[in-house]
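As C-alpha cells, the structure follows; a few thoughts come after it.
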Amino acid sequence: MSEVGALAARFAARYGRAATALVRAPGRVNLIGEHTDYNGLPVLPFAIDREVHLAAAPRRDRTVTVASSGDRFPPREYALEETIDPGPSGDWANYHRAAAQGLIEELGAGALRGGDFLIAGDIPPGAGLSSSSALVVGSMLAMLAVNGRDMAAHLLADLAATAERYVGTHSGGMDQAVCLLAQPGHALHIDFFPLRTRPVAIPPGAGFVVCHSLVEAEKSGAARDAYNLRVRECRLACRIFDSVLDPDMPLANLGELQRRAPQRPLDEWVNVLAAALPPFPPVLLRRVRHVLTEAERVAAAEEALAAGDWTRLGALMNASHASCRDDYEISCDALDELVATARSNGALGARLTGAGFGGCTINLVRAADVERFVARMEETFYRSRAGAAAREHCFPVVPSGGASVQLM
Ligand code: GLA
C-alpha cells in the first residue's frame, strides 16, 4: 500500500468514516538563491521526494480537528472564525491554523466548513527542508478539497506565502511556490512580485545529497528572529539607496534596482551603497553584497545546470555558501564543518540550503559517486555524532513534482 493509501486506512480507523481527499505536499531544497526571494530576486529550488501527507473529510460544523499519525505531535482542535487565534508559540497546529486563516481572508469566513485532518510525513522538521510550508500548502489544499473548492496554483502559492506569516516569520514565497509548482526532474526558476516560474530541466549525470547539520533551525524560535532581522536590514538598505537615487520613488525591494537599470551589473550597486552616506553600518553593505551577488550566481547557476556543467555549478554553490557565511551571516560552525567535510569527500559543491542558522546542506556529487559520498559522510561526520542514526541525516534527494490532491 502506498503511504497515502496507508494514511487513508488510518483515517478510517480513527474517525470511523472514509477520507474524501488525500493530499501530498513536498519539501524542497534550494540549489542556490538564498534570502533573495523577499528581496524580489530569483531563486532556484527543487521539490524533493520527502512529503507531508494529509487525509481529510468534511464535517457538518465549523470545527477543525488536526491529528498527526505519529506521536510526536498531539491532536488539536480549533473553530473556523473570522480571526483564528494562534495556539502557543511553536505549536505544530499553528501551521494548519495559518492555512485556514489565509483561506478565510481570501474567501470569507462563511465560505468554509470544518473538517477532520490526519497528517503524516517524512520531511525532518527544523531541517530547512520546508516541512512547515509543505504543511501549510497541504493544509490549504486539503481544506479547499473538503469544501469542494479549487484554486489556481500561482494564486494559492501567493496566498500560502502570506498565510504563513501567521507564525511570525516574514518569509518570501519560494517554499510555497516550489511546493505547488515543481515538476519532476526539474529545478524551478522563480521570480517574485509578481510570482512567475519556469522549470529548468536537470540533465542526467548529477546526484543531490542532503546532509543535516544536527542543529535544528525552528521557524518559530530564535532562527525566526534572526531571519526577520535580515528582512529588516534589507529594507533599511533600500531606504539608503532611496536617499541617493530618488527619495520620491522609494524602492519596494533590492530587486527593483535591476528593473530600474537593467543593463547595470547588480554588484555595481554595492559600490553605490558604499559611497552613499558614510558612515553607515558596514553590516548593511555586507547584507546587500550577499543579496545582489547571490542573484547573479542564480543566473549563472541556471546556465551551468542547463548545460550539465557540474564543476561550474559546484563552484557557484561553494561561492554561495561563502557569501551566506561571511556576508549574510546565516551559517553556523556545524554547517561550515559539514560543508568542508563534504568537499573533502568529493562534493563538487556544498552549501547550506534554506533559511540557515542550522538545518541542512545540499551537496552536488557526480551521479556515480552518490553511494560512496553518503558512506564517506557517515564515516567522517555522523558516526561520532549520531551513531546508528547516520542514515537519517544524510540522504540522496530526487527532484520531484509539486503537491497534488486526490479526491476519493
Ligand atoms: C526560508 C523562507 C524562504 C526563503 C529562505 C531563504 O526558507 O521561508 O522564503 O527566504 O528561507 O532563502
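The values are calculated or read from the model by the stated rules, or taken from the named source; none is laboratory data. Please read all numbers here as calculations on a predicted model, not as lab measurements. Note: ideal-geometry Cβ built from the backbone for every residue, glycine included; neighbour counts use all protein chains shown. The area values use the complete protein model at the heavy-atom level, side chains included, leaving out ligands, DNA and RNA. Shrake-Rupley method; radii C 1.70, N 1.55, O 1.52, S 1.80 Å.
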*Filter region 79-91 down to the residues that are touching a Ser or Thr at 6+ places or on another chain (Cβ under 8 Å) and over 19 Å from GLY168 (Cα atoms), then identify the one that is surrounded by the most Cβ atoms within 10 Å (Cβ to Cβ).*
LEU80
*Could you check how many residues of region 341-377 are closer than 25 Å to SER130 by Cβ, out of contact with any Asp or Glu (no Cβ under 9 Å at 6 or more places or on another chain) and either β-branched (Val, Ile, Thr) or surrounded by fewer than 19 Cβ atoms within 10 Å (Cβ to Cβ) (or both)?*
8
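Filter region 329-340 for residues that are of a type outside the set (S, T, N, Q) and buried (at least 22 other Cβ atoms within 10 Å of the Cβ); which is nearest to GLU379 (Cα to Cα)?
So, considering only residues that are of a type outside the set (S, T, N, Q) and buried (at least 22 other Cβ atoms within 10 Å of the Cβ), the one nearest to GLU379 (Cα to Cα) is LEU338.
Given the options ARG239, ARG232, ARG224, name the one that is open to solvent by 80 Å² or more (accessible area, probe 1.4 Å) and either at pLDDT below 90 or more than 16 Å from the ligand (Cβ to nearest atom) (or both). Write out each step before concluding.
Details: ARG232 fails: either at pLDDT below 90 or more than 16 Å from the ligand (Cβ to nearest atom) (or both); ARG224 fails: open to solvent by 80 Å² or more (accessible area, probe 1.4 Å).
Exactly one of ARG239, ARG232, ARG224 is open to solvent by 80 Å² or more (accessible area, probe 1.4 Å) and either at pLDDT below 90 or more than 16 Å from the ligand (Cβ to nearest atom) (or both), namely ARG239.
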_Selection count, region 1-32, where residues are open to solvent by 60 Å² or more (accessible area, probe 1.4 Å) and either at pLDDT below 95 or in a strand (DSSP E or B) (or both)_ = 3
*List the number of the failed condition for ALA206; all other conditions in (1) open to solvent by 60 Å² or more (accessible area, probe 1.4 Å); (2) small (Gly, Ala, Ser); (3) at pLDDT 95 or above hold.*
(1)
*Filtering region 40-62 down to residues that are part of a loop (DSSP other than H, G, I, E, B) and either away from the ligand (no atom under 16 Å from the Cβ) or of a type in the set (A, V, I, L, M) (or both), which residue is nearest to VAL4 (Cα to Cα)?*
ARG59
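When the residues of region 99-121 are narrowed to those that are over 19 Å from ALA57 (Cα atoms) and at pLDDT 95 or above, which ends up least open to solvent (accessible area, probe 1.4 Å)? Talk me through it step by step, then tell me what you get.
Here is the first cut: in region 99-121, the residues over 19 Å from ALA57 (Cα atoms) are 102, 105-108.
So of that shortlist, the ones also at pLDDT 95 or above come out as 102, 105-107.
Working: GLY102: 6, GLU105: 136, GLU106: 91, LEU107: 54 Å².
So, considering only residues that are over 19 Å from ALA57 (Cα atoms) and at pLDDT 95 or above, the one least open to solvent (accessible area, probe 1.4 Å) is GLY102.
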*Only one of these conditions is not met by LEU251: (1) within 16 Å of the ligand (Cβ to nearest atom); (2) surrounded by 13 or more Cβ atoms within 10 Å (Cβ to Cβ); (3) under 28 Å from GLY168 (Cα atoms). Which number is it?*
(1)
*asked:* For the structure I just gave you, tell me whether ALA276 is at pLDDT below 95 and under 30 Å from PRO88 (Cα atoms).
replied: no
*Residue within region 153-171 that is modelled with pLDDT under 95 and touching an Asp or Glu at 6+ places or on another chain (Cβ under 7 Å) present*: yes
*asked:* Filter region 302-319 down to the residues that are open to solvent by less than 10 Å² (accessible area, probe 1.4 Å) and in contact with a Gly (Cβ under 8 Å, 6 or more places away or on another chain) and list them by number.
replied: LEU313, GLY314, MET317
